[in-house]
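Notes for the one structure printed next.
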Amino acid sequence: MARFNKIYAGPVSELLPQVAEKQAAETILPGSVVAINADDEFELHGTAGGRGAYFVAQDNYLILAGVDTPVAAGDVVIGMRPLDEQFFNVRVAAGTYVQGDTLSSAGDGTLAASGAGAEILFYSEESVTLDEADLLRVRVATGSVAAA
């Protein structure tokens, strides 16, 4: 049975994160980083340079869907706005990650290690080597930071 709130990882002492509900412009996996496009729909972050803030797509806990159950284009996606001191399980590209690593958009809704000059969106909260794209515990980077 699917477990409630697998993408939002806490802290449990705070109210749940602020959310926005939008139609999906394309198929979106829970844990993907999304942005709002010109048609007021969620699209994968980096695919067409969405407007303003970025969000993390939540698993559809209302129907007990798991984190690997995609949201089809045209269906509603719940996007959680990452705030300071909150943790999320976000999709990252294959690779080795060390706690404290800076993470930037990989251009397809996933995160990857930050390259020079890239906007830092999150920091890794665990150390792991992934052979394929998967979920990684992260915390949001505060403010707009660029990698050195």
task = Search the stretch 131-148 for residues being open to solvent by 50 Å² or more (accessible area, probe 1.4 Å) and outside any strand (DSSP E or B), and hand back the single one that is modelled with the lowest pLDDT.
result = A148
query = So which residues in the stretch 117-135 are of a type in the set (G, A, S) and without any contact (Cβ under 8 Å) to a residue 40 or more places away in the chain, if there are any at all?
reply = G117, A118, S124, S127
note = With the first residue restricted to the stretch 26-41 and required to be touching a residue at least 60 places away in the same chain (Cβ under 8 Å), and the second required to be among the basic types (K, R) and in a loop (DSSP other than H, G, I, E, B), Cβ contacts under 9 Å at 6 or more apart or on different chains are G31/K6
message = Quick check on my filter: what residues within the stretch 63-92 are open to solvent by 20 Å² or more (accessible area, probe 1.4 Å), in contact (Cβ under 8 Å) with a residue 24 or more places away in the chain, on the phi < 0 side of the Ramachandran plot and out of contact with any strand residue (DSSP E or B) (no Cβ under 6 Å at 6 or more places or on another chain)?
response = G66, V67, D68, T69, P70, A72, L83
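The values are calculated or read from the model by the stated rules, or taken from the named source; none is laboratory data. Computed from a predicted structure; not experimentally measured. Here the Cβ is made from the backbone with ideal geometry for all residues, glycine too, and neighbour counts use every protein chain on show. Just the protein is used for accessible areas: all its heavy atoms, side chains included, with ligands, DNA and RNA removed. Shrake-Rupley method; radii C 1.70, N 1.55, O 1.52, S 1.80 Å.
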